[in-house]
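What follows is calculated from the coordinates using simple rules that are stated; it is not laboratory data. Quick caveat: nothing in here was measured; it's all calculated off a predicted structure. All Cβ positions, even for glycine, are placed from backbone atoms using ideal geometry, and neighbour counts span all protein chains on display.
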Amino acid sequence: MSVKANFEAAKADYEKWGIDVEKALETLKKVPISIHCWQGDDVTGFEVNQRELSGGIDVTGNYPGKATTPEQLRMDLDKALSLIPGKHRINLHAIYAETDGVEVERDELKPEHFANWVKWAKENGLGLDFNPTLFSHEKAADGLTLAHPDEEIRKFWVDHCKVSRKIGEYFGKELGTPSLTNVWIPDGYKDIPSDRLTPRKRLKDALDEIFAEEIDEKYNLDAVESKVFGIGSESYVVGSHEFYLSYALQNNKLCLLDTGHYHPTETVSNKISSMLLFSEKLALHVSRPVRWDSDHVVILDDELKEIALEIVRNDALDRVIIGLDFFDASINRVAAWTIGTRNMIKSLLYALLIPNDKLKQLQDEGNFTERLALLEEFKTYPFGAIWDYYCEQMGVPVKETWLEEVKSYEQEVLLKR
């Protein structure tokens, strides 16, 4: 059977439950995923004075074809975007500035250093998001930045975050869509600290200074991202979930949840509904932790589906800003982007094709037998046929045929670098 014929048969199955498949596909088209640029070059960036990775960040593998210039990275992103249905966003770190061979310190970065990214984004109809880079730097060598006891070091990082917000504002003004500027810091201690309060007070004061200048949310949205532990900060992280959740609520900032930044028994999907009751918006970095914050490529597992279900069934597609954050150098990097992003989109489609209202009703009625039966039966409904049709309609490869394009690109481009 053709993709269209399979789709029509599957559509009939879903429509028996009152699910408007065409409406689901139209909704899906409007959901942008913020795709992280750093998968393409192993979080190296383009600073003139390139530093070794630090701050609890590690990339394993040495697959050929890593992007080593901004042009190569954008070319690779173009290829990945051609294989992913929908119109999306690109997420940049400050280390991806282009300074024409001139060494520019991070606290002196300007919007003009990202002009090429904006030009490329305009040509491709993409939004841009941003992150100050508070790791892989000699002034973060001891694992402290915004919470550092040295006032000069702390000021350096405060100023870096300030200029980063101005860069986010520039993106928003140029591209007509607000940039999410997200602050994550590696600050913490390897062993049990003697003082947990003072570093958090320093962080709070630093954030207050960073956010002192009001920037119109039409152009820039501020987010703060927590972590439970990291390499070198196993015992204590200054920017904990409780810290940033409290700070975000009190200061009208977005709290960003990274799926790899919690204890192994915690799930981000379980946090979303609570946070939506108290926050107008929240943000996600979707990754796949394997025993720790290992940033594996996102797969279509139960937790990814549950995250999507929480967003969809709570009518929060316009309130949850979805970004990705993984980096794997052991496989083809373009394939990694393609697999992870397609899976994020698949999970949203899966959630849109579930009879959520019916399942809520059964729960309220206490009819847990029927609720569980339906949940399990829908796991094997012909969701794949709907996905294939969506890909065909959006002009991207159906099923695994995208892999042939990646293989050709590897031979023709990546292996010649």
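The table that follows gives values for the structure above.
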{"read-out": "Using alpha-carbon coordinates, inclination of helix 269-278 to the longest axis of the chain, degrees", "value": "70 degrees"}
{"read-out": "Neighbour net charge for Ala141 - beta-carbon separation under 15 angstrom, K R +1, D E -1", "value": "-1"}
{"read-out": "Antiparallel bridges, percent of DSSP beta bridges restricted to the chain (to nearest 5)", "value": "15 percent"}
{"read-out": "0 to 90° range, to nearest 10: angle between helix 241-251 axis and the chain longest Cα axis", "value": "90 degrees"}
{"read-out": "Other-chain or far-sequence residues with amide H under 5 Å of Ile90's (modelled H)", "value": "Ile35, Gly127, Leu128, Asp129"}
{"read-out": "Reach of Lys79 by Cα under 25 Å, taken over lysines that are not fewer than 8 positions away in the same chain", "value": "Lys29, Lys30, Lys66, Lys87, Lys119, Lys122, Lys346, Lys399, Lys407, Lys416"}
{"read-out": "The stretch 298-346: trypsin sites (Lys or Arg not before Pro) in DSSP coil with no more than 12 other Cβ atoms inside 10 Å", "value": "none"}
{"read-out": "Coil-residue GluC sites (Glu not before Pro) of the stretch 226-299, DSSP, other Cβ within 10 Å capped at 11", "value": "Glu280"}
{"read-out": "Shape category assigned to the stretch 359-398 from the gyration tensor of Cα positions, a/c cut at 1.5", "value": "prolate"}
{"read-out": "Mean residue ellipticity (222 nm) of the chain, computed from DSSP H runs ≥ 4 via -39,500 (n - 2.57), nearest 500", "value": "-13500 deg cm²/dmol"}
{"read-out": "Projected-area mean, the stretch 314-409, by convex hull of Cα positions, square nanometres", "value": "8.3 nm²"}
{"read-out": "Estimated FRET transfer efficiency (Asn49, Asn116; beta-carbon r; R0 25 Å; 0.05)", "value": "0.80"}
{"read-out": "Simple spin-label estimate for Glu266 and Asp301 in nanometres, 7 Å along Cα-Cβ", "value": "1.7 nm"}
{"read-out": "For Gln72, net neighbour charge (Lys/Arg +1, Asp/Glu -1) across residues whose Cβ lies under 10 Å away", "value": "0"}
{"read-out": "Per-residue ³J(HN,Hα) for the stretch 310-319, Karplus 6.51 cos²θ - 1.76 cosθ + 1.60, θ = phi - 60°, Hz, x for Gly and Pro", "value": "4, 6, 6, 6, 9, 6, 10, 4, 9, 10"}
{"read-out": "Charge context of Tyr390, other residues only, Cβ under 10 angstrom, K/R +1, D/E -1", "value": "0"}
{"read-out": "Residue-wise HN-Hα coupling along the stretch 174-189, computed from phi with Karplus coefficients 6.51, -1.76, 1.60 (Hz; x: Gly, Pro)", "value": "6, 9, x, 8, x, 8, 8, 9, 10, 9, 10, 10, x, 4, x, 10"}
{"read-out": "Per-selection Rg to Rh, the chain - Cα, Kirkwood hydrodynamic radius", "value": "0.97"}
